[in-house]
1. Take the residues of segment 92-110 that are outside any loop (DSSP other than H, G, I, E, B) and free of Cβ contacts under 8 Å to residues at least 40 places away in the same chain: which is farthest from residue 173 (Cα to Cα)?
2. Looking at segment 160-170 only, could you name the residues that are without any contact (Cβ under 8 Å) to a residue 60 or more places away in the chain and within 22 Å of residue 107 (Cβ to Cβ)?
3. Can you tell me which residues in segment 145-170 are closer than 26 Å to residue 112 by Cβ and in a helix (DSSP H, G or I)?
4. Within segment 171-186, restricting attention to residues that are part of a helix (DSSP H, G or I) and without any contact (Cβ under 8 Å) to a residue 60 or more places away in the chain, which residue is farthest from the chain's Cα centre (by Cα)?
5. Anything in segment 160-186 that is more than 24 Å from residue 131 (Cα to Cα) and surrounded by fewer than 13 Cβ atoms within 10 Å (Cβ to Cβ)? List them, or say none.
6. In segment 130-159, what residues are more than 17 Å from residue 12 (Cβ to Cβ) and either in contact (Cβ under 8 Å) with a residue 24 or more places away in the chain or of a type in the set (Gly, Ala, Ser) (or both)?
7. For segment 61-117, which residues satisfy the criterion of being among the small types (Gly, Ala, Ser), farther than 26 Å from residue 145 by Cα and within 13 Å of the chain's Cα centre (by Cα)?
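Only the coordinates and a few stated rules stand behind these numbers; no lab work does. These numbers were taken from a predicted model, which means no experiment stands behind them. A quick note on method: Cβ atoms are made from the backbone with ideal geometry, for glycine too, and the neighbour counts reach across all protein chains shown.
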Amino acid sequence: FILSGPSGSGKTTILKNLLRDKRLRGKLVRSVSVTTRPKRSKEKEGRDYFFISRQEFQRKLKSKKLLECTEYLGYFYATPKDFIEKEVKKNKNIALCLDYKGVLQIKKHFPHATVTIFILPPSVKDLLKRIRKRCDKTKEAEIKQRLRLARSELLSANKYDYRVVNKNLPLATKKIKNIILKKIKR
């Protein structure tokens, strides 16, 4: 299962809520990505991301240890191949948060086993509010860049299997949980 959406859409928060849900516990495993960006204050190594240097990232890329990778705001993000393959062998359902490029790369590896869900903000105005809340007030250039990237990501929303508007976090989480439960039962 791939959750996707622009910065500030709520994809990471929704995924955390899904992983805590008692009906999904044991049925859904979160893929932990590697990244070259600095750790945020509330993030934990190995839970939120594996924080690595650019050199280590390049080594993993060259040795084909990454299933997909992307660059976002000057930092690299990727899905570790060994983790996904290990969980697939155990017949686990894996949840990832990726951009559209990542979705395409994962679908290439697992064309029949990938369900994509795009999380939409209620409006661009709401999205801007969420991005401003997340970013440092002094980083206006980053806010503008995130908004520009968000607008381009919104253009790919119709290419996903499902689209969910996150106007209300508990309701959006419930809708996505129901999609996942329906797909797991098949």
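1. Residues of segment 92-110 outside any loop (DSSP other than H, G, I, E, B): 93-97, 100-109.
From what is left, the residues that are free of Cβ contacts under 8 Å to residues at least 40 places away in the same chain are 101, 104-105, 107-108.
Details: 101: 24, 104: 24, 105: 25, 107: 23, 108: 27 Å.
So, considering only residues that are outside any loop (DSSP other than H, G, I, E, B) and free of Cβ contacts under 8 Å to residues at least 40 places away in the same chain, the one farthest from residue 173 (Cα to Cα) is 108.
2. Within segment 160-170, 161, 162, 163, 164 meet the criteria.
3. 153, 157, 158, 159
4. Of all residues in segment 171-186, those part of a helix (DSSP H, G or I) come to 171-185.
Okay, now just the ones that are also without any contact (Cβ under 8 Å) to a residue 60 or more places away in the chain, so 171, 174-175, 178, 182, 185.
On the way: 171: 19, 174: 17, 175: 17, 178: 18, 182: 20, 185: 23 Å.
Filtering first and then ranking leaves 185.
5. 178, 182, 185, 186
6. Matches in segment 130-159: 141, 142, 145, 151, 152, 154, 156, 157, 159.
7. 95, the sole residue that qualifies.
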